[in-house]
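I have a structure here, written as structure tokens, and I will follow up with some questions on it.
None of the figures in this text is laboratory data; all of them are computed from the coordinates on show. Please read these numbers as outputs of a predicted model, since none were measured by experiment. Glycine gets a Cβ as well: all are built from the backbone with ideal geometry, and neighbour counts include every protein chain shown.
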Amino acid sequence: MGGSGKSYFCEQRQAAGAVVFSDFTNIDMESHSQRAGHKKLPELVATLMNGRDVVADEAHLTDPDFRREFERFVSNNLEQSVEIEWVYFEKDVQSCAANVVKAWRQGTRRDPARVKSLLDQIGSYTPPQGFPLQRCFRPGEPTFTSDPEAVAALRELLR
């Protein structure tokens, strides 16, 4: 979900030497197969084949159909020696909302589309089964004691 700490996770990995591809398919496409073969993927593959670690920050990978298309693309374009680690974040509405509200209040990321997207994801995001889940990044303040309180704070940002 938005605000879960994906960007924070990528910053940590980038500091350790990985090349980060953020939201590389976050464009309008008619089908998952178009998205899975997007032009950034060959660059990602080339980076891996050159021996570099890569982090693909892509929220669309939570969609099972897209993930299958992406896995097909990867298996057709990568050597077997490339190791893939899937990282998914838990559904922690309070932490995600706190991250988004904090960034908004600090003026570092005042993005209504991000708030709307998180509100949509709260009702629909289901972490994939069978994968270990990463804890969401938790900021200092604000904190929320319930999901409805977190949702109300997000809605307040849009007023």
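Would you kindly give the portion of the calculated P(r) for the chain that falls above 26 Å, as a percent of all Cα pairs?
Distances greater than 26 Å cover 32 percent of the Cα pairs.
Share of Cα-Cα pairs in the stretch 91-157 beyond 14 Å, in percent?
More than 14 Å apart: 57 percent of the Cα pairs in the stretch 91-157.
Sorted by mean Cβ packing within 10 Å, highest first, what order do the peptides 120-130, 1-11, 64-74, 136-146 take?
1-11, 64-74, 136-146, 120-130
Springs between alpha-carbon atoms under 10 Å, Gaussian network over the chain: tell me which of Ala103, Ala59, Ala16 tops the mean-square fluctuations.
The residue with the greatest mean-square fluctuation here is Ala16.
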